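The next block holds one structure in the form of structure tokens; read it before the comments.
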Amino acid sequence: MRIWVNGELRPADDARVSVLDHGLTVGDGVFETLRVSQGRPFALTRHLDRLTRSARGLGLPDPDLDEVRRACAAVVEANPVGLGRLRITYTGGISPLGSDRGNEGPGLVVALGEVSRRPDTTAVVTVPWTRNERSALTGLKTTSYAENVVALARAHEQGASEALFANTADRLCEGTGSNVFVVLDGQLHTPPVASGCLAGITRALTVEWTGAQETDLPFDVLDRADEVFLTSTLRDVQAVHRVDGRELPGAPGPVTAKAMRIFEERAADDLDP
Ligand code: PLP
């Protein structure tokens, strides 16, 4: 595998960033994960817009998007995969310990790994920890993901693939790496961005294409929703068949199955050549 590191492609075992990079020492960095199928990144422009928004939110200089596009193209070309996860990491850059960030400028790493197609349905758990809808980092896709790592480990311990968070007001928010949709009385809902969730790109497309409503929902809606599904770059639309101990028999239910179909059809049109 060949990885783009600060201006050049390197073999994976020779691709290095400084131990003094602020992204490593304090998590001062932002990232994007894109799906690549048959050599084409999906929704690249939307991901680059969010990378820029996240960087601005952290006070990093705007990434040079021409360079990021060049890096993505080079990595995709150098690593042929059927289905892949393209990871763009943009960090605060090198700064001596004890000083503020990045006096040598930000760092850019782009890597691609092969992934397998996710199953159509999955189990999720709820976790007792909250997303803070008023944090300085709310809505930014930063490399400070350790909270998600802890929650996801809890999900894996319980045989689930995702953990769902409430926000501090006990409203439904999102998963560690996905957005959540629920069906109530045949109507599709997802929490608004004001809940503290990431403005997921798959979420936005699903709302646009299905007419789902953005609704402030109590966390315990998960105890009574008729259907639940997750959206993310690597899951697309994925039905949930169990929430904690509650089975959702017949998943994907009719509304979810329709959303899965619409997403698959519309996403196949090349959104972003
Ligand atoms: N929420 C969080 C915290 C995420 O990290 C992600 C994706 O990584 C999502 C939601 C889903 O966003 P997207 O559909 O853009 O992948």
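Checking the stated criteria, Ala43 turns out not to satisfy the condition of being open to solvent by 50 Å² or more (accessible area, probe 1.4 Å), closer than 25 Å to Gly200 by Cβ and within 21 Å of the chain's Cα centre (by Cα). Per the listing Arg56, Arg2, Arg87, the residue uniquely in contact with a Ser or Thr (Cβ under 7 Å, 6 or more places away or on another chain) and open to solvent by 30 Å² or more (accessible area, probe 1.4 Å) is Arg87. For the residues Val19, Val81, Val76, the requirement of being at pLDDT below 95, outside any strand (DSSP E or B) and closer than 24 Å to Arg266 by Cα singles out Val81. With respect to Asn167, is the statement that it is within 11 Å of the ligand (Cβ to nearest atom), touching a Lys or Arg at 6+ places or on another chain (Cβ under 8 Å) and polar (S, T, N, Q) true? No.
Per-residue answers, yes or no, for (1) part of a strand (DSSP E or B); (2) in contact with a helix residue (DSSP H, G or I) (Cβ under 8 Å, 6 or more places away or on another chain):
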site	(1), (2)
Val109	yes, no
Arg117	no, no
Val125	yes, yes
Pro128	yes, no
Asn148	no, no
Ala163	yes, yes
Ala166	yes, yes
Gly177	no, yes
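Per this entry, Phe229 is counted among residues that are of a type in the set (Phe, Trp, Tyr), within 13 Å of the ligand (Cβ to nearest atom) and over 14 Å from the mean Cα position of the chain (by Cα).
How many residues are of a type in the set (A, V, I, L, M, F, W, C), open to solvent by 10 Å² or more (accessible area, probe 1.4 Å) and touching a Pro at 6+ places or on another chain (Cβ under 8 Å) if we restrict to segment 144-192? Looking only at that region, the number is 0.
Assess whether Leu137 counts as being in contact (Cβ under 8 Å) with a residue 60 or more places away in the chain, surrounded by fewer than 19 Cβ atoms within 10 Å (Cβ to Cβ) and more than 30 Å from Leu164 (Cβ to Cβ). Show your work before the answer.
Numbers: in contact (Cβ under 8 Å) with a residue 60 or more places away in the chain: yes; surrounded by fewer than 19 Cβ atoms within 10 Å (Cβ to Cβ): yes; more than 30 Å from Leu164 (Cβ to Cβ): no.
No, not satisfied.
Selection of first residues in segment 183-198 that are free of Cβ contacts under 8 Å to residues at least 12 places away in the same chain and of second residues that are assigned to a strand (DSSP E or B) and open to solvent by less than 20 Å² (accessible area, probe 1.4 Å), restricted to Cβ pairs under 8 Å at least 6 apart or on distinct chains, gives an empty result. Scanning segment 234-270 for residues that are open to solvent by less than 70 Å² (accessible area, probe 1.4 Å), in a loop (DSSP other than H, G, I, E, B) and either out of contact with any Gly (no Cβ under 9 Å at 6 or more places or on another chain) or farther than 22 Å from Arg154 by Cα (or both) yields Asp244, Leu248, Gly250, Ala251, Pro252, Gly253.
Give segment 109-134 a look and list any residue that's among the hydrophobic types (A, V, I, L, M, F, W, C) and either at pLDDT below 95 or open to solvent by 20 Å² or more (accessible area, probe 1.4 Å) (or both), or say none.
Val109, Ala111, Val115, Trp129
The values are calculated or read from the model by the stated rules, or taken from the named source; none is laboratory data. The model shown is predicted, which means the values in this text are computed figures rather than measured ones. Ideal geometry is used to build each Cβ from the backbone, glycine not excepted, and the neighbour counts take in all protein chains shown. Heavy atoms of the whole protein, side chains included, go into the accessibility calculation; ligands, DNA and RNA do not. Shrake-Rupley method; radii C 1.70, N 1.55, O 1.52, S 1.80 Å.
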